[in-house]
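These notes concern the structure reproduced below.
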Amino acid sequence: MPVALRRLRPPPAAAPGPVVRRDEVPPWTWTGLHLDGALVPLWRDTARVAGVPEDAAVRAAAFAALVPRRGAVGRLAAAWVHAGGPPPARVTVLVRSGARRPAPHPDRTTAEAELADDDLETHGGVLVTTVTATAVDVARWVPTATAVRVLRSLLPCGLDPTVALRRLESHSGGRGLRAARVALGQVGLPGTTGEHGDVSG
């Protein structure tokens, strides 16, 4: 191709990322890509590109539009990022105590938390609580039957229940500590799986 014509040629389209949101493409394209198997449902109005493995980075990226820079994915939503399984109904965004919370959104719940830098790690460009911090929060804030199931799903991701129990001591006087000790104490014990509870994030 002559140089003059090459300069007029439009640049190649950027390759799509591993996660696509519904509002990034026309409605008919979104539907067609799913029907053709090019997109695989991921979470609510997000999908992953077929052939891209679903890992922690991909799952975290599904929440990217709902997590501000000052926030981090926590609780059940963070457990899903780490371990996969059934996705949460909403993403829980944690902000440091005293920080401004993000505006209300139907797909997001927010809460204040004492977040140390060691409690956080990045997946898919999104801050997420670590496996241990996630386990402590799930044990404290989620009904025990559901918490035990979720905590067990975190075991292959590196959860050490003994370390998480020790971590509870740093929350002396906080809410949910008794329930958290019960839930963490049941992790790894045979015959203590509970029924699925409400998973809201």
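In the chain, the longest principal axis of the Cα atoms and the axis of helix 131-141 are about 60 degrees apart. Per-residue ellipticity at 222 nm computed for the chain from its helices equals -9500 deg cm²/dmol, with DSSP H segments shorter than 4 residues left out and the rest contributing -39,500 (n - 2.57).
Coupling constants for the range 71-86 follow from the phi torsions by the Karplus curve (6.51 cos²θ - 1.76 cosθ + 1.60, θ = phi - 60°), and in residue order they are x, 9, 6, x, 6, 5, 5, 5, 4, 5, 4, 6, 10, x, x, x Hz; glycine and proline get x. For the range 64-132, the list of GluC sites (Glu not before Pro) that fall in a loop by DSSP and count at most 13 other C-beta atoms within 10 angstrom reads Glu114.
Considering only Ala116, Ala60, Ala133, the mean-square fluctuation computed in a Gaussian network model of the chain, springs between alpha carbons under 10 angstrom, is largest for Ala116. Going from the residue with the fewest nearby Cβ atoms within 10 Å to the one with the most, His171, His123 rank His171, His123.
Between Ala64 and Ala145, the FRET efficiency from the beta-carbon distance, with R0 = 25 Å, is close to 0.20. Taking DSSP loops as anything outside H, G, I, E and B, show the longest stretch in the chain free of trypsin sites (Lys or Arg not before Pro) there with at most 16 other beta carbons within 10 Å. Counting only loop sites that pass the neighbour cut-off, the longest clear stretch is 101-174.
The dipole here belongs to the chain: it is taken about the Cα centre, uses +1 on the Cβ of Lys and Arg and -1 on the Cβ of Asp and Glu, and is about 420 debye.
Relative to the longest principal axis of the Cα atoms of the chain, helix 144-154 runs at roughly 60 degrees.
No lab work stands behind these numbers, since they all come straight from the coordinates. These figures come from a predicted structure and were not determined experimentally. Reconstructed Cβ throughout: ideal geometry from the backbone, glycine too, with neighbour counts over all protein chains shown.
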